[in-house]
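Visitor: Okay, here's the structure, questions in a sec.
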Amino acid sequence: MIRLTHYATGGGCACKLPAGRLEELVAGLGGQAHPDLLVGLDTGDDAAAVRIAGGRAVLSTADFFTPVVDSAYDWGRIAAANALSDIYAMGGEPILAINLLAWPAELDAPDLVREVFRGALDVASAAGCPVGGGHSITGPEPVFGMAVTGLADPDRLLRNDTALPGMPLTLTKPLGVGILGNRHKATGEVFAAAIESMTTLNAGASRAALAAGIEAATDVTGFGLLGHLFKLCRASGVGAVIDLEAVPLLPDVRASLAAGYVPGGSRRNLDWVRPHLSATSHITEDDLLVLADAQTSGGLLLAGEIPGGTVIGHTVSSPAPTIAVR
């Protein structure tokens, strides 16, 4: 059996550039004075949004990563669900996706490539989103993802800069897929609950958020819960309090963490957010690593409540985007 994860230096969204480094690279590229650009680089939101004729907004995003699982079919499914999530995180509906693939020339396995494409197509089809081709190159390691276009109501976008103090914070998927993915890469163990979580679309959560009148949201992916919450707090000018005991985790996460299976991306996430963190005395370093765990195709983080979501804390009035973990 070809183990795809052994061809990757990272895994899933844990292979993102470190958040601090990325912000340095794009510094000065925001603030474009285009009258129809509704959401751009300025707050690091999940997708770009531009107003078009007919009272609609076009959403645009792209997401790709190295294998997070050894199954080519499941990798394709996960990558598609992850890319589509950026559209749902903005309150939109996907209308078109295209594949993005890099593949090592020495890995002569056309059946694996077809399985990646098949998995992505199955998830996109479940979302009602056609896949209209794509682009491929040779590369040093396998990389796959999608660019996705969506439509939304420009007056009902879910954004990361609209949270207000006193709002409940709701998480719609459990954490821990980064830690379990690290263990999978090392041992070959398969964690069905993690795959199920990563291949579940955020469509229902997005629609429920819009129905509930929620305006502030983001999805939890490579920068972990703490990283994406920090970005939301910074963009909105609020702070946050997280109740550790309320945060849902996948099975086997705590045991895997205790055994040392922690992605490097999760440690980098914690290092980035740590200056803005405070924690009560019973909160351990492992607790913070779970909260910073680099997620692939994670859930939505909403400033508000929806059925089926888990309230994990609340926003607070704060002169700085601090996060308290208790």
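The values are calculated or read from the model by the stated rules, or taken from the named source; none is laboratory data. All of these numbers come straight from a predicted model, not from anything done at the bench. No Cβ is skipped: glycine too gets one built from the backbone with ideal geometry, and neighbour counts run over all protein chains shown.
Visitor: Pick from 247, 253: which is in contact with a Gly (Cβ under 6 Å, 6 or more places away or on another chain) and of a type in the set (A, V, I, L, M)?
Guide: Every option except 253 fails the conditions.
Visitor: Still on this model: Please go through segment 196-218 and pick out each residue that is surrounded by fewer than 22 Cβ atoms within 10 Å (Cβ to Cβ) and not in a loop (DSSP other than H, G, I, E, B).
Guide: 196, 203, 204, 207, 208, 210, 211
Visitor: Can you tell me which residues in segment 98-132 are part of a loop (DSSP other than H, G, I, E, B), more than 20 Å from the chain's Cα centre (by Cα) and under 23 Å from residue 202 (Cα atoms)?
Guide: 128, 130
Visitor: Okay, moving on. Every residue in segment 136-153 that is in a loop (DSSP other than H, G, I, E, B) and buried (at least 18 other Cβ atoms within 10 Å of the Cβ), please.
Guide: Hit for segment 136-153 is 142, nothing else.
Visitor: Tally time: how many residues in segment 17-48 are of a type outside the set (A, V, I, L, M, F, W, C), within 18 Å of residue 234 (Cβ to Cβ) and either part of a loop (DSSP other than H, G, I, E, B) or in contact with a Phe, Trp or Tyr (Cβ under 7 Å, 6 or more places away or on another chain) (or both)?
Guide: 11
Visitor: Follow-up question, since we're still on this one. Among the residues of segment 171-195 satisfying the criterion of being free of Cβ contacts under 8 Å to residues at least 24 places away in the same chain and either outside any loop (DSSP other than H, G, I, E, B) or not charged (D, E, K, R) (or both), which is nearest to residue 268 (Cα to Cα)?
Guide: Restricting to residues being free of Cβ contacts under 8 Å to residues at least 24 places away in the same chain and either outside any loop (DSSP other than H, G, I, E, B) or not charged (D, E, K, R) (or both), the top hit is 187.
Visitor: Additional query: For residues in segment 11-49 being surrounded by fewer than 22 Cβ atoms within 10 Å (Cβ to Cβ), over 19 Å from residue 273 (Cβ atoms) and among the small types (Gly, Ala, Ser), which is farthest from the chain's Cα centre (by Cα)?
Guide: 33
Visitor: Find all pairs meeting these conditions: Cβ atoms under 7 angstrom apart; at least six residues apart or on different chains; first residue within segment 197-209 and closer than 10 Å to residue 172 by Cβ and at pLDDT 95 or above; second residue polar (S, T, N, Q) and part of a helix (DSSP H, G or I).
Guide: The qualifying pairs are 202/85.
Visitor: Still on this model: Regarding segment 231-238, can at least one residue be identified that is under 14 Å from the mean Cα position of the chain (by Cα) and either closer than 20 Å to residue 168 by Cα or hydrophobic (A, V, I, L, M, F, W, C) (or both)?
Guide: Checked segment 231-238: at least one residue is under 14 Å from the mean Cα position of the chain (by Cα) and either closer than 20 Å to residue 168 by Cα or hydrophobic (A, V, I, L, M, F, W, C) (or both).
Visitor: Listed residues 76, 91; which is surrounded by 19 or more Cβ atoms within 10 Å (Cβ to Cβ), in contact (Cβ under 8 Å) with a residue 12 or more places away in the chain, assigned by TED's automatic domain parsing to the domain that holds residue 40 and not in a helix (DSSP H, G or I)?
Guide: Of the residues listed, the single one that is surrounded by 19 or more Cβ atoms within 10 Å (Cβ to Cβ), in contact (Cβ under 8 Å) with a residue 12 or more places away in the chain, assigned by TED's automatic domain parsing to the domain that holds residue 40 and not in a helix (DSSP H, G or I) is 91.
Visitor: How about segment 160-192: which of its residues are surrounded by fewer than 23 Cβ atoms within 10 Å (Cβ to Cβ) and within 15 Å of the chain's Cα centre (by Cα)?
Guide: 174
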